[in-house]
Amino acid sequence: MAMWEKVWKQDKIAYGGDYNPEQWPQDSWEEDMRFIKLAHIDTLTLNVFSWASLQPSEEEYCFDKLDKIMDLARGNGMKVCLATSTGAHPAWMARKYPEILRTDFGGVKRKFGGRHNSCPNSMVYRNYSVKLAGELAKRYQDYDNIVAWHISNEYGGECYCENCEKAFRVWLKKRYGTLEKLNRAWNTSFWGHTFYDWEEIVLPDTRSEHIELERTMAQGISIDYRRFNSDSIMECFRLEYEAVKQYTPDIPVTTNLMGAYKPLDYQKWGKYMDFISWDNYPSNEDSVSKTAFNHDLMRGVGGGKPFILMEQTPSLQNWQPFNALKRPGVMRLWSYQAVAHGSDAVLFFQIKRSIGGCEKYHGAVIDHAGHENTRVFREVAELGLELEQLGSEVLGSVGTAQTAIMFDWENWWAVEYSSGPSVNLKYYEEVLEYYTALHSQNIPVDIIGEDSDLSHYKLVVAPILYMAKPGVDGRIREFVKNGGTFLTTYFSGYVDENDLVVTGGYPGKLRDILGVWVEESDALPEYKANRFVYQGQEYPAKLLCDIMHLEGAEALAEYQEDFYAGSPVVARNSFGQGQAYYIGTHSNAQFYRALLRAACQEQQICPAAQTPEGVEAVKRVRGAEQYLFLLNHNEAAVEVALTEPALELITQRECQEGEVLELPAKGVGILKRRGVANDPAKSK
């Protein structure tokens, strides 16, 4: 279980990032430290990809260079997030033990190269990675400036080798116990897939079940492989976790996650991490809400506790089709957005630009120019000074959401493996539509899993809850009976945890809660749409159109066209003391905003603040202290009139009720109050 009592100990928002001095001559290190201090950086992530130099041969370890780097950091007063370097194995290991190399989705065995090219089920890889982690912890256990362990780096990918196939069979035996149960769970009577021996089970790839990556002929098998792969990679993390804990039990351990990263079930991973850290790399074209969603998702994976922004670029990325610069002020704005949503750190990749490899043009604090007279360095230094002045303010504070959105990885896999009803049915995108409708109105949102406690929310939204796993209908039923509002959509309640259809009519076990029976669902191509009227306004009905019958629910809107014109498209059911909404189609942003505004008003859920369009308002709370972040994502200045007295922390300005706070383009304000119940701001 997560050890939140042993979080990263801080006296301010940590500031810094990945530093790789091993890539540079030693005589340049002191000059780097001058830059680092000039930028008000206090925290360095070290040793991320050094396995090759730390272990030049099977029996030999060489820590000489890392010793000097660690002493350099300690001597300059730097806190260290120490990585285990196990994201890329050494060349000698691949040559001597080729079984550690991954096999891709098409069955091709990889050669040495790249990173994350190690089979997670290779005992050779596991033994050597765990041994290295232990050696590092043993050697540096007395360094009092190590604030966290950073296991590997951005775990990901998949492997389809013989190691994994054998391990998959073991995993399946633990999950199902008998072949009879497995055959039933996978419905192997379909197409004569029946297995008579565990050894007959093979991995689902293009050599067996898959037509392409997202199209499988046996959804149960493919979903179980996804579960198995996520568990296998997580086991590598857990083994290194235990290795470093043996020597440093009081130093918290993390690995950097990647937001809505589909291959790994982060809801499950979060239970085994001391704290959540993640890497935020939006493109300039991404919406404000999309980035906010990923922050809230990572906070939710960690049980609502503060997280760490482990990586972001100070200027530009290197892997986008067009690697646009962050415009002036955007790095600062996005950094504060991370803090607003729960981060207690602002860390960069990278501190100093490398001169070779695919990341040599990725942004850095120290540019190839080799001096501090750059726009990016000035912005980094200015933010560093602000964070110093903020001190311990905000640290450890949490959100206060009364609204939650369910986001489940296994459901994600199942929805997009489904053979029909539409190739355009995308789970993450649908969830983001509903999140955006709430976020754009400054409604605080928690992102939760299907197994989460619902009792302290007023509104729970579960778009495309296709796979309703055991117990989820019971929790929803109890939540609504006790006065909560539940909202779900088309293609919900169809299957159980094995992707087997729950017979008796859609939406399965949710049917009584929602008060509807869905008889059919019409899939529309992109160029077609039906229509409906909700609260006097007409909206499009796209993608899927559920044809439903009311079983106690009331119709709030009806289709206007086709043979199902006049049948319900939006329904609301009173159930116990609460109510449940069923949305039978995909619509547009205006509809989602109107729908969720009404649902929030019914439950008296208030926004963090009323602000002009494009100004994000986010609240964090610590005891009696409340922090309201106002983030102006606009290209022009805006004014916000304060409705309560507050201290603006960045300028240290005491603001009175009725005063106007001016936020310049890309500007930020942080208002601190104590024990005030009302919202401190409204738009002017």
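The values are calculated or read from the model by the stated rules, or taken from the named source; none is laboratory data. Being a predicted model, the structure only gives us computed values, none of them experimental. Backbone-built Cβ (ideal geometry, glycine too); neighbour counts: all protein chains shown. The accessibility values were calculated without ligands, DNA or RNA, using every heavy atom of the protein model including side chains. Shrake-Rupley method; radii C 1.70, N 1.55, O 1.52, S 1.80 Å.
Within region 191-241, if we keep just the residues that are among the β-branched types (Val, Ile, Thr) and free of Cβ contacts under 8 Å to residues at least 60 places away in the same chain, the residue that is nearest to Val501 (Cα to Cα) turns out to be Ile221. Per the conditions (1) of a type in the set (Gly, Ala, Ser); (2) closer than 15 Å to Leu595 by Cα; (3) in contact (Cβ under 8 Å) with a residue 24 or more places away in the chain; (4) surrounded by fewer than 19 Cβ atoms within 10 Å (Cβ to Cβ), the sole criterion not satisfied by Gly552 is (2). Against the conditions (1) touching a residue at least 12 places away in the same chain (Cβ under 8 Å); (2) among the β-branched types (Val, Ile, Thr); (3) over 15 Å from Ile583 (Cβ atoms); (4) assigned to a loop (DSSP other than H, G, I, E, B), Ile464 satisfies every one except (3). Inspect region 434-457 for any residue being among the aromatic types (Phe, Trp, Tyr), in contact (Cβ under 8 Å) with a residue 24 or more places away in the chain and farther than 20 Å from Gly303 by Cα and give the result as yes or no. The answer is yes; a qualifying residue exists. Working only within region 64-121, note down all residues that are within 24 Å of the chain's Cα centre (by Cα) and polar (S, T, N, Q). Passing the criteria: Thr84, Ser85, Thr86, Asn117, Ser118. Thr400 falls short on exactly one of the conditions (1) assigned to a loop (DSSP other than H, G, I, E, B); (2) at negative phi; (3) modelled with pLDDT of 95 or more, and that condition is (3).
Of the listed requirements (1) farther than 21 Å from Leu44 by Cβ; (2) in contact with a Lys or Arg (Cβ under 9 Å, 6 or more places away or on another chain), Asn323 misses just one: (2).
Listed here are the residues, each with its yes/no results for (1) closer than 26 Å to Lys469 by Cα; (2) part of a strand (DSSP E or B); (3) open to solvent by less than 40 Å² (accessible area, probe 1.4 Å); (4) at pLDDT 95 or above.
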{"position": "Glu199", "(1), (2), (3), (4)": "no, no, no, yes"}
{"position": "Pro204", "(1), (2), (3), (4)": "yes, no, yes, yes"}
{"position": "Asn229", "(1), (2), (3), (4)": "yes, no, yes, yes"}
{"position": "Asp250", "(1), (2), (3), (4)": "no, no, no, yes"}
{"position": "Gly259", "(1), (2), (3), (4)": "yes, no, yes, yes"}
{"position": "Lys271", "(1), (2), (3), (4)": "yes, no, no, yes"}
{"position": "Ser283", "(1), (2), (3), (4)": "no, no, yes, no"}
{"position": "Lys290", "(1), (2), (3), (4)": "no, no, no, yes"}
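Take the conditions (1) open to solvent by less than 30 Å² (accessible area, probe 1.4 Å); (2) closer than 23 Å to Tyr266 by Cβ; Ile69 misses just one of them, which is (2). Within region 594-611, residues that are closer than 23 Å to Gln537 by Cα and among the basic types (Lys, Arg) have Cβ atoms under 9 Å from residues that are part of a loop (DSSP other than H, G, I, E, B) and open to solvent by 30 Å² or more (accessible area, probe 1.4 Å) in these pairs: Arg597/Gln441, counting only partners at least 6 apart in sequence or on another chain. The set of residues from region 320-350 being in contact with a Ser or Thr (Cβ under 9 Å, 6 or more places away or on another chain) and hydrophobic (A, V, I, L, M, F, W, C) comprises Phe322, Ala324, Leu325, Met331, Trp334, Ala338, Ala345, Val346, Leu347, Phe348, Phe349.
In this entry, Gly177 is excluded by the filter for residues that are in contact with a His (Cβ under 7 Å, 6 or more places away or on another chain) and on the phi > 0 side of the Ramachandran plot. Looking at region 80-87, is at least one residue of a type outside the set (S, T, N, Q), in contact with a helix residue (DSSP H, G or I) (Cβ under 9 Å, 6 or more places away or on another chain) and surrounded by fewer than 21 Cβ atoms within 10 Å (Cβ to Cβ)? Checked against the condition, which is being of a type outside the set (S, T, N, Q), in contact with a helix residue (DSSP H, G or I) (Cβ under 9 Å, 6 or more places away or on another chain) and surrounded by fewer than 21 Cβ atoms within 10 Å (Cβ to Cβ), region 80-87 yields no hits at all. Number of residues in region 591-624 that are open to solvent by 40 Å² or more (accessible area, probe 1.4 Å), of a type in the set (Asp, Glu) and either in contact with a Cys (Cβ under 8 Å, 6 or more places away or on another chain) or not in a helix (DSSP H, G or I) (or both): the value is 1.
Checking each residue in region 358-372 for being part of a loop (DSSP other than H, G, I, E, B) and either touching a residue at least 60 places away in the same chain (Cβ under 8 Å) or under 28 Å from the mean Cα position of the chain (by Cα) (or both) picks out Cys358, Glu359, Lys360, Tyr361, His362, Gly363, Ala364, Val365, Glu372.
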